[in-house]
Amino acid sequence: MFVNNVEEYISFLQSKGFQLQEDAIGFIYFGKQYTNASDELTNIAIELTLKAQKSFDGSFFVSLLEMLVANKIQNRLEAIQFVKEKNLISI
């Protein structure tokens, strides 16, 4: 499913059974604003955080988003390649 923005992606995840608490959603919007990340990159960081941690970990998410932005990652494929190279998660 293609999702345009962070709010839609969070709704999509909740429809699939991922119940993000208010503090998790707060971390997501904080991280997005703090790093000036695009919606696409923010959504990718949410996905990878959930895959790596099996639940939402706000500090992991913000750190990952910072790394993706700092390394000028532009899309999901680049992000997956980056986290594999850094041994952050195994997909």
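The values are calculated or read from the model by the stated rules, or taken from the named source; none is laboratory data. Bear in mind that the values here come from a model prediction, so they are computed numbers and not experimental data. Neighbour counts are summed over all protein chains in view; Cβ atoms, including those assigned to glycine, are modelled from backbone coordinates with ideal geometry.
Structure notes:
- Residue match in segment 57-70 (condition: of a type outside the set (D, E), in a loop (DSSP other than H, G, I, E, B) and over 11 Å from the mean Cα position of the chain (by Cα)): no
- V69 vs. criteria modelled with pLDDT under 95 and β-branched (V, I, T): no
- Hits in segment 51-91 - residues which are surrounded by fewer than 16 Cβ atoms within 10 Å (Cβ to Cβ) and among the acidic types (D, E): E66, E78, E85
- For segment 2-50, a tally of residues being among the basic types (K, R) and either surrounded by 15 or more Cβ atoms within 10 Å (Cβ to Cβ) or within 10 Å of L65 (Cβ to Cβ) (or both) returns 1.
- Checked against the criterion of being touching a residue at least 40 places away in the same chain (Cβ under 8 Å) and either within 11 Å of the chain's Cα centre (by Cα) or part of a helix (DSSP H, G or I) (or both), segment 47-54 contains one or more residues that satisfy it.
- Selection within segment 13-55 - farther than 24 Å from N87 by Cβ, aromatic (F, W, Y) and at pLDDT below 95: F18
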